[in-house]
Structures are given as C-alpha cells and as structure tokens.
1. Of (1) assigned to a strand (DSSP E or B); (2) over 19 Å from residue 37 (Cβ atoms); (3) more than 19 Å from the chain's Cα centre (by Cα), residue 96 satisfies all except one. Which?
2. Residues 169, 181: which one is under 13 Å from the mean Cα position of the chain (by Cα) and within 18 Å of residue 28 (Cβ to Cβ)?
3. Kindly indicate whether residue 141 is within 20 Å of residue 64 (Cβ to Cβ), at pLDDT 95 or above and surrounded by fewer than 20 Cβ atoms within 10 Å (Cβ to Cβ).
4. Among the residues of the range 151-167, write down those that are surrounded by fewer than 20 Cβ atoms within 10 Å (Cβ to Cβ) and either under 23 Å from residue 177 (Cα atoms) or free of Cβ contacts under 8 Å to residues at least 60 places away in the same chain (or both).
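The values are calculated or read from the model by the stated rules, or taken from the named source; none is laboratory data. Just so it is clear, the model here is predicted, and its values are computed rather than measured. Positions of Cβ are backbone-derived with ideal geometry, glycine not excepted, and every protein chain shown enters the neighbour counts.
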C-alpha cells in the first residue's frame, strides 16, 4: 500500500499532437480508402506499480474515410468526423523508456460532413457538402493498442491503433454497421 501511494504521487501531465490515418470499416466498404487527419490534446500518467501505469487522455481527433466509385460512374465521397476522444489505457513498461499500452476509448461526435464529388457522368461535376451528424451515433467506442517511447527530457513518441467496436450509424436511419479504424502517430511532452 505504501509503495502504491509513493508511485501515485508522481503523476505527470503533458500535451501531444500528431497525425491520423483513418478509414471507415464494416458494411458496403469495398473501395474505401484512408484519409489523413490530425489529433491533439492532453495526457496524464498515473503510476500504480514500478512498471505499470494508467494513462488517461482527452484528445480532439479528426477521422473518417473516403470511397471512390467513379470508375462505375459513381461519386467520390469523403467523410470527415470530428470527435473528442477519451482513452484510458493500461501502460506497461518493457524497459525504462519503452512501454506498451491498451485499453478502451470513448469518443463524442462533434461534427460530421460528407463531401461528394460526382463522376461527371451526365455532365454533373459540381461538388457538394452535406452535414450527416444527425445520421450518426453521438458515442463511439473503440479498443486501442499501442506503444510509446519516452526520452529522458520529457519528449515522447506514440504509435497507436484504435479499432472501433460500436456502430457509428444510427440504427433508425440505416441498417448498415460501420466503425472507425484509426492509426495515430504522435509526439508529445510531459511536464
């Protein structure tokens, strides 16, 4: 008990930011491609044992995907989803500065847009953007796994993959089941 109290007093806080490479998986996703986005936010590390910590975060994350059906006279559609994500990860140090982490992540949808570029078949080439937030669930649940290397000066590098486990679509709108899939590469600094 005393050793856990000693570790808990060494809570560290930091900031991070980086790029996302995301896609939308699930039903009717043939021809789907990944898109780039970014993320940034705040992290904390709560040591519980010598090699084990809990790492909660609160992060803005731009996700989504695109689908190109222009070869069959369909449109190119690019979906951009913006979330506030809250991962809570178990973090295990393999060696002094290298750790593996895994845990649940909950996201809250801020906005959702789909940009549609027609194929040009029939003479229509004008892009249009539509707000699709009302068609999507506000809550997104994912399972995250990753690794981190922390330099002695407080800078850290993270690589993470978050696999969506909940349907992003509202069942009352569509019978499709789709989920977010996101690779993240981040750099950060702990104080």
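1. So residue 96 meets the others, but not (1).
2. One residue alone meets the criteria, 181.
3. Yes, satisfied.
4. Result: 151, 152, 153, 155, 157, 159, 161, 163, 165, 166, 167.
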